[in-house]
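The values are calculated or read from the model by the stated rules, or taken from the named source; none is laboratory data. This is a predicted model, so every value here is computed, not measured. Please note: Cβ atoms are built from the backbone with ideal geometry, for glycine as well, and neighbour counts cover all protein chains shown.
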């Protein structure tokens, strides 16, 4: 397991995502500043059905983008919730995958996978699962998260590559692959939309942000350090 600096992330406002209350904040408006969409609440999930659906505005459908979130796990596998016939350790962080057709064929996902690593992956196209180990459309962290520790996880789609960063450090990248994103899915925080919903997060997701461009590694590291109270993230 890769050693990583412990983040000091302050979550000053919490939203408990459970039951009907989670549905009542579905589609909440982000804070928009220039090319950044941000959701200021720190969402606390319990590993079961609730999800945060933040919609599908045009600003969330750009040819290049960066998606970032801070996460802390209460558990790394289900139960308490159920992933049905899917891997028990899958937990979506920020997800824009279509719920039509084969799993992970259309859209993108930033998640903690059943293998214990963070993944950023893109839709593989009709009949193709793009989120599998070894696929050109999937990049996998070297960091293995543990419970009760904060991590900043960032996925980047640029004009030349896909990449995943953890705590301000690029941990994997691949040349820009052929992928499918019809921009048909809403963005969800804390679950996938695939198959009606699964991969429910168990823990806290904070400081979710979507940028309408590919941020540089230097910028990603600077943002992580700023959120971490000026303490370097790596």
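In table form, for the structure just shown:
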read-out: Check on residue 230, at positive phi and at pLDDT below 95; value: yes
read-out: Complete set of residues in region 18-34 that are part of a loop (DSSP other than H, G, I, E, B), in contact with a strand residue (DSSP E or B) (Cβ under 6 Å, 6 or more places away or on another chain) and modelled with pLDDT of 50 or more; value: 30
read-out: Unmet requirement for residue 76, which otherwise passes all of (1) at pLDDT 90 or above; (2) over 21 Å from residue 162 (Cα atoms); (3) not in a loop (DSSP other than H, G, I, E, B); value: (3)
read-out: Failed item in (1) in contact with a helix residue (DSSP H, G or I) (Cβ under 7 Å, 6 or more places away or on another chain); (2) at negative phi, with residue 166 passing the rest; value: (1)
read-out: Output for region 143-174, where each listed residue is more than 26 Å from residue 76 (Cα to Cα), in contact (Cβ under 8 Å) with a residue 24 or more places away in the chain and assigned to a strand (DSSP E or B); value: 157, 174
read-out: Residue match in region 222-231 (condition: under 22 Å from residue 97 (Cβ atoms) and either surrounded by fewer than 17 Cβ atoms within 10 Å (Cβ to Cβ) or touching a residue at least 24 places away in the same chain (Cβ under 8 Å) (or both)); value: no
read-out: Given (1) within 17 Å of residue 70 (Cα to Cα); (2) part of a loop (DSSP other than H, G, I, E, B), number of the condition residue 182 does not satisfy; value: (1)
read-out: Single match in 93, 97 (criterion: farther than 27 Å from residue 227 by Cα, touching a strand residue (DSSP E or B) at 6+ places or on another chain (Cβ under 7 Å), crowded, with 22+ Cβ neighbours inside 10 Å and in contact (Cβ under 8 Å) with a residue 40 or more places away in the chain); value: 97
